Amino acid sequence: MNVYDSARMSEILAPLGYAPGENPESADMVILNTCHIREKASEKVYSELGRLRNVKDRRAEEGRAPMVIAVAGCVAQAEGEEMLRRAPFVDIVLGPQAYHRLPEMVARAHRAGADGGVLNTDFPIDSKFDHLPDRQADHSVSAFLSIQEGCDKFCTFCVVPYTRGAEFSRPVAQILEEARQLVDGGVRELTLLGQNVNAYHGLDEAGGETGLGSLVGRLADIGGLARIRYTTSHPRDVDASLIDAHGNVDALMPFLHLPVQSGSDRILEAMNRGHDVARYMDIVNELRTARPDLALSCDFIVGFPGETETDFEATLDLVRAVGYSQAYSFKFSARPGTPAAGLPRQVPEDVKDARLARLRALLDEQQYDFNTTTVGRTLDVLLERPGRHPGQVVGRTPYNQAVHVTAEDFRVGSIANVAIESCKPRSLAGRVVGPGSAWLGEDPRRG
Ligand code: SAH
Ligand code: SF4
């Protein structure tokens, strides 16, 4: 979502004459778009700011126009005023719901000069999405589209409900319009974004509530849009209509990121996840009944307070039972202001390290196994960008695997039929054997 937000900030600043630059040294303004989800991400912000301060000072010594430093995103939201105190050389601090106000904040920062920074960490009543400019074509084949933001679930470990605010769904018409702009600009694949994307309940043109399953159906009708994905979904919000969409909508790719966090009922309860292991397994089974080749991805947290060896073993059991095609795993990070940060029985760091290593070894093995099962098959691959070597192009399979494809003649944005010939732990290699379901160029076999 930060990638999406950064793109939109860049679009909103374009009319003021700003364009993305190569490095901070040559930039008139630097925006750090920050993440607060774990301590490590959060801490990086201040070390990065230290480096930017040096760049800003050098520029001032050279007598050039002052560089504006802005901090956006969830660290900005969480720290607010404190950030301006701790790093007084920062000119602008703005939260994730206020970035449509960036142009006026930049103007104020120029006026304010040395008089202190400009702050906006409001959760405005009006949606920022109503104030953003049209999407600009940027030659990418695959694009993000934010449809939902915020969260009301309050998992005990998580800062999102505090930094991104309450759950909000964009209206259907606005999403369709943005999707059309992207497809007109050459996008073939959309990834719908939200902190809890399947909690989506936006209003349609007639004022009725629309769930993610129906929205996916509406998007699939856009001519030229070949692939739809969504992330991140929550098991509690997987409903029948979404499961149906996985069975019926061809453009909806057979890959789903469905985080469970832990395989222990006790820990799921302490996390306030709102479901147990049995319910998660039921959902996985229903999804796989609708779409038998569905590949699954997940997030896990190890070392949640009170997690015993038995709880951790239960997580490994769940991983073995589901079988993931890829996954992300994290050590529990105590976040200020969240209930879990204050819980007794915090797990020692070395225990977390050991559990993370064991879990990752299992997940890596599953990813490699999954990749191996696709070797020898012919899959539709969306060709996304030229590779490092001549005649090579990088693309993705329906299961979201990266593929290095050998193709003499290809057009980026095409979907080609690719014979998968070999795999590595995290990628595949293959060669084009014919046009896929949406080939835009010449059939390479004829050339
Ligand atoms: N809404 C999604 C997750 C969004 S946060 C969901 O509920 O599944 C992305 C991931 O960051 C989470 O799935 C979780 O695995 C991880 N995460 C969030 N807070 C964390 C914390 N305090 N410590 C470690 N990992 C955390
Ligand atoms: Fe955080 Fe996801 Fe839980 Fe919401 S549902 S509080 S975003 S982990």
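Could you tell me which residue of segment 143-156 is farthest from ligand 2 (Cβ to nearest atom), considering only residues that are open to solvent by less than 40 Å² (accessible area, probe 1.4 Å) and either in contact with a Leu (Cβ under 8 Å, 6 or more places away or on another chain) or assigned to a strand (DSSP E or B) (or both)?
Out of the qualifying residues, it is Ala143.
Residues checked against (1) in contact (Cβ under 8 Å) with a residue 40 or more places away in the chain; (2) open to solvent by less than 10 Å² (accessible area, probe 1.4 Å); (3) within 15 Å of ligand 2 (Cβ to nearest atom):
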{"site": "Ile267", "(1), (2), (3)": "yes, yes, yes"}
{"site": "Asn272", "(1), (2), (3)": "yes, no, yes"}
{"site": "Glu286", "(1), (2), (3)": "yes, no, no"}
{"site": "Ala314", "(1), (2), (3)": "yes, no, no"}
{"site": "Gln326", "(1), (2), (3)": "yes, no, no"}
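Assess whether Arg218 counts as being basic (Lys, Arg), surrounded by fewer than 22 Cβ atoms within 10 Å (Cβ to Cβ) and either free of Cβ contacts under 8 Å to residues at least 12 places away in the same chain or part of a helix (DSSP H, G or I) (or both).
Details: basic (Lys, Arg): yes; surrounded by fewer than 22 Cβ atoms within 10 Å (Cβ to Cβ): yes; either free of Cβ contacts under 8 Å to residues at least 12 places away in the same chain or part of a helix (DSSP H, G or I) (or both): yes.
Taking the combined requirement at face value, the residue satisfies it.
When segment 162-187 is examined, which residues are found to be of a type outside the set (Gly, Ala, Ser) and without any contact (Cβ under 8 Å) to a residue 40 or more places away in the chain?
Those that are of a type outside the set (Gly, Ala, Ser) and without any contact (Cβ under 8 Å) to a residue 40 or more places away in the chain: Glu167, Pro171, Glu177.
Give the residue, chosen from Lys44, Lys40, that is open to solvent by 30 Å² or more (accessible area, probe 1.4 Å), touching a residue at least 60 places away in the same chain (Cβ under 8 Å) and within 24 Å of Arg164 (Cβ to Cβ).
So the residue among Lys44, Lys40 that is open to solvent by 30 Å² or more (accessible area, probe 1.4 Å), touching a residue at least 60 places away in the same chain (Cβ under 8 Å) and within 24 Å of Arg164 (Cβ to Cβ) is Lys40.
If I ask for residues that are small (Gly, Ala, Ser), at pLDDT 80 or above and over 21 Å from Gln195 (Cβ atoms), which ones from segment 108-148 would you list?
Answer for segment 108-148, where residues must be small (Gly, Ala, Ser), at pLDDT 80 or above and over 21 Å from Gln195 (Cβ atoms): Ala109, Gly117, Ser140.
Residues that are free of Cβ contacts under 8 Å to residues at least 60 places away in the same chain, crowded, with 17+ Cβ neighbours inside 10 Å, more than 16 Å from ligand 2 (Cβ to nearest atom) and in the same structural domain as Phe154 (by TED's automatic domain parsing): does segment 225-236 have at least one?
yes
Can you pull out every residue in segment 237-270 that is under 23 Å from Leu359 (Cβ atoms) and either over 22 Å from the mean Cα position of the chain (by Cα) or assigned to a helix (DSSP H, G or I) (or both)?
Across segment 237-270, the qualifying residues are Gly263, Ser264, Asp265, Arg266, Ile267, Leu268, Glu269, Ala270.
Which helices (runs of 4 or more DSSP H) does segment 1-118 wholly contain that include 1 or more residues that are closer than 21 Å to Ser146 by Cα?
Correct list: 2-13, 74-79, 102-112.
Just to be sure I understand, how many residues within segment 192-215 are in a helix (DSSP H, G or I) and among the small types (Gly, Ala, Ser)?
3
Note down all Cβ pairs under 8 Å where the first residue falls in segment 368-382 and is free of Cβ contacts under 8 Å to residues at least 60 places away in the same chain and surrounded by 13 or more Cβ atoms within 10 Å (Cβ to Cβ), the second is among the basic types (Lys, Arg) and not in a loop (DSSP other than H, G, I, E, B), and they're at least six residues apart or on different chains.
Short answer, once both residue conditions are applied: Val381/Arg396.
Quick check: is even one residue across segment 341-359 over 25 Å from the mean Cα position of the chain (by Cα), modelled with pLDDT of 90 or more and over 30 Å from Met271 (Cβ atoms)?
Within segment 341-359, not a single residue is over 25 Å from the mean Cα position of the chain (by Cα), modelled with pLDDT of 90 or more and over 30 Å from Met271 (Cβ atoms).
Condition first: within 14 Å of Val302 (Cα to Cα) and buried (at least 16 other Cβ atoms within 10 Å of the Cβ). Now tell me which residues in segment 331-340 satisfy that.
First, pick out the residues of segment 331-340 that are within 14 Å of Val302 (Cα to Cα): 331-334, 340.
Residues satisfying the conditions are Lys331, Phe332, Ser333, Ala340.
Determine whether Arg180 is more than 27 Å from Tyr328 (Cβ to Cβ), at pLDDT 95 or above and open to solvent by 10 Å² or more (accessible area, probe 1.4 Å).
yes
Within segment 8-30, track down each residue that is open to solvent by 70 Å² or more (accessible area, probe 1.4 Å) and within 19 Å of Met105 (Cβ to Cβ).
Within segment 8-30, Pro15, Leu16, Ala19, Pro20, Asp28 qualify.
Among the residues of segment 386-418, write down those that are of a type outside the set (A, V, I, L, M) and under 24 Å from Ala327 (Cα atoms).
Step one: list which residues in segment 386-418 are of a type outside the set (A, V, I, L, M), which gives 386-392, 395-401, 404, 406, 408-411, 413-414, 417.
Once the filter is applied, which keeps residues that are of a type outside the set (A, V, I, L, M) and under 24 Å from Ala327 (Cα atoms), segment 386-418 yields Gly395, Arg396, Thr397, Pro398, Tyr399, Asn400, Gln401, His404.
The values are calculated or read from the model by the stated rules, or taken from the named source; none is laboratory data. Since we're looking at a predicted model, the values are computed, not measured. Ideal geometry is used to build each Cβ from the backbone, glycine not excepted, and the neighbour counts take in all protein chains shown. Only protein heavy atoms, including side chains, enter the accessible area calculation; ligands, DNA and RNA are left aside. Shrake-Rupley method; radii C 1.70, N 1.55, O 1.52, S 1.80 Å.
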